[in-house]
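The values are calculated or read from the model by the stated rules, or taken from the named source; none is laboratory data. As the structure is a prediction and not an experimental result, all values here were calculated from the model. All Cβ positions, glycine included, derive from the backbone under ideal geometry; neighbour counts span all protein chains shown. Note: accessible area is taken over every heavy atom of the protein model, side chains too, but ligands, DNA and RNA are not part of it. Shrake-Rupley method; radii C 1.70, N 1.55, O 1.52, S 1.80 Å.
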Amino acid sequence: MTFNQKGITLSLCLSSLFVAQQASAVILYESPDDRLQFSGRLAAASTWVDNVHDDHDPTNFGSRVRLIHEHNFEDGWSSILRTEWGFNPWFETGSDEHYKRLQYAGLSHSRYGTILIGKQYSLWYDMVGVWTDWFWINGAAAQGSFSGRNGDGGFEGNGRPDRAISYQNSWGDWSFGMLYQTERDHSHSDNAPIYGNIGGQQVVTGFEQRDSGVERNYTGQAALNWLPSETVSLGLAYTHTSITDHDDDNNRHPDVNATLLGARWTPGDWYFAATAGDYHNLERNNVFDGLPDTGAVEHARGYELVALYNLRGYTPGSVQIYGGLNRLEDRDSDARNANYIAGVAWLLANDNLVLALERSEDDSKDADGGSIGNDNTAFLVRYDF
């Protein structure tokens, strides 16, 4: 079997690679059994918010670089090593602001499935959430993937979980995945004073060690896809994260329990998708206006819809016309973040160069039901290499 033939099997098995426009990657080394490639993205966007005066300066919009090594063993087995780093190539703050997006190793076989270990895309996102992440500028705000205590969904495990091991496989029309995330401690210990009463006066009688901060005990995640036809896909993902929130002697356990349903229909040049999520202790209070910044939202729900049409043959490259909805709501108040989105994108240079213009009509409300929406128009320039 040649390397190219093996590469086809590899790309089919390693569905969680999620490398945009892989054909444009630079091949640094290639042999019958090995390939080392470098790729990335440069992107900038400007946003004009209605009734708000600003300078509309372009800002970094997800620029990144990645290095991937693939090796093919005997009997159909393949391995992968991937590291990917986000950075700011425009040095807006005087620094490149680099950070780790992904870093994992894996083994794959067309029959036995794929195992990945390290910081990777979650099954929640890779098997369901990605279906509605099709807006070029806005979007993915209500599906729960990149929510939680940090912006990449790494702590709770719904976006790019760290310290994770996952397994995926397919049988006929069904695909199944499981992910486990090990503990991570964001807490610390201090010597806290112990007060007593001596002679009617409060004095320090000693010290004791007390914990503060938060600790992830583990995350368990599962996802299931069903493809009843070539154009229809249905998906389900579930996450449970065991969390200990240390607060002096009153430890709390705001465990995350979240479910995401998805459906996708892709007839010809059309693309339709929808997701609906139910989130307990996943979203943070500060994402909603009017709620105190005291931790996690006890119960939130999110809905995303996208409809897209590809226009081909009328211009160089292709044109996408699209629209949809992102809606995230707090179930215990009137607070919601809701945006109706419409846009057009021009894809050139084998779809590696993207020019996108997007309009967002904001229908958000604060905790008391007051309107807080700020409509905006945004323009994106992106190049994948």
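Of all residues in region 13-48, which are farther than 21 Å from SER63 by Cα, in a helix (DSSP H, G or I) and either modelled with pLDDT of 50 or more or out of contact with any Ser or Thr (no Cβ under 7 Å at 6 or more places or on another chain) (or both)? SER15, the sole residue that qualifies.
Each residue in region 156-168 was checked for being of a type outside the set (D, E, K, R) and either open to solvent by 10 Å² or more (accessible area, probe 1.4 Å) or modelled with pLDDT under 95 (or both), and 3 pass. When region 350-366 is limited to residues that are without any contact (Cβ under 8 Å) to a residue 24 or more places away in the chain and of a type outside the set (Asp, Glu), the one that is surrounded by the most Cβ atoms within 10 Å (Cβ to Cβ) turns out to be ARG359. Total residues in region 216-245 satisfying the condition of being free of Cβ contacts under 8 Å to residues at least 24 places away in the same chain and within 17 Å of THR132 (Cβ to Cβ): the figure is 0. With respect to being charged (D, E, K, R), out of contact with any helix residue (DSSP H, G or I) (no Cβ under 8 Å at 6 or more places or on another chain), open to solvent by less than 40 Å² (accessible area, probe 1.4 Å) and closer than 30 Å to THR219 by Cα, GLU304 falls outside the description. Of the residues making up region 29-48, those that are surrounded by fewer than 16 Cβ atoms within 10 Å (Cβ to Cβ) and in contact (Cβ under 8 Å) with a residue 12 or more places away in the chain number 7. Residues of region 80-89 include at least one that is of a type in the set (Gly, Ala, Ser) and open to solvent by less than 20 Å² (accessible area, probe 1.4 Å). In this structure, does THR275 turn out to be of a type in the set (S, T, N, Q) and in contact (Cβ under 8 Å) with a residue 60 or more places away in the chain? So THR275 passes the test. For region 371-379, the criterion of being in contact (Cβ under 8 Å) with a residue 12 or more places away in the chain, assigned to a strand (DSSP E or B), surrounded by fewer than 19 Cβ atoms within 10 Å (Cβ to Cβ) and charged (D, E, K, R) is met by none of the residues. Is it true that ASN51 is in a loop (DSSP other than H, G, I, E, B), open to solvent by less than 70 Å² (accessible area, probe 1.4 Å) and either closer than 30 Å to GLU361 by Cβ or not aliphatic (A, V, I, L, M) (or both)? Spelling it out, it is not the case that ASN51 is in a loop (DSSP other than H, G, I, E, B), open to solvent by less than 70 Å² (accessible area, probe 1.4 Å) and either closer than 30 Å to GLU361 by Cβ or not aliphatic (A, V, I, L, M) (or both). For region 120-129: of the residues being open to solvent by less than 20 Å² (accessible area, probe 1.4 Å) and in contact (Cβ under 8 Å) with a residue 40 or more places away in the chain, which is farthest from ALA258 (Cα to Cα)? Among those that are open to solvent by less than 20 Å² (accessible area, probe 1.4 Å) and in contact (Cβ under 8 Å) with a residue 40 or more places away in the chain, it is GLN120. The C-beta contact set for region 307-329 (first residue at negative phi, second residue polar (S, T, N, Q) and in a loop (DSSP other than H, G, I, E, B), distance under 8 angstrom, 6+ apart or interchain) comprises ASN326/ASN138.
Taken as a whole, region 337-349 holds at least one residue that is under 18 Å from LEU291 (Cβ atoms) and open to solvent by less than 50 Å² (accessible area, probe 1.4 Å). Note on region 130-151: residues that are in contact with a Phe, Trp or Tyr (Cβ under 6 Å, 6 or more places away or on another chain) and either open to solvent by 20 Å² or more (accessible area, probe 1.4 Å) or free of Cβ contacts under 8 Å to residues at least 12 places away in the same chain (or both) amount to 1.
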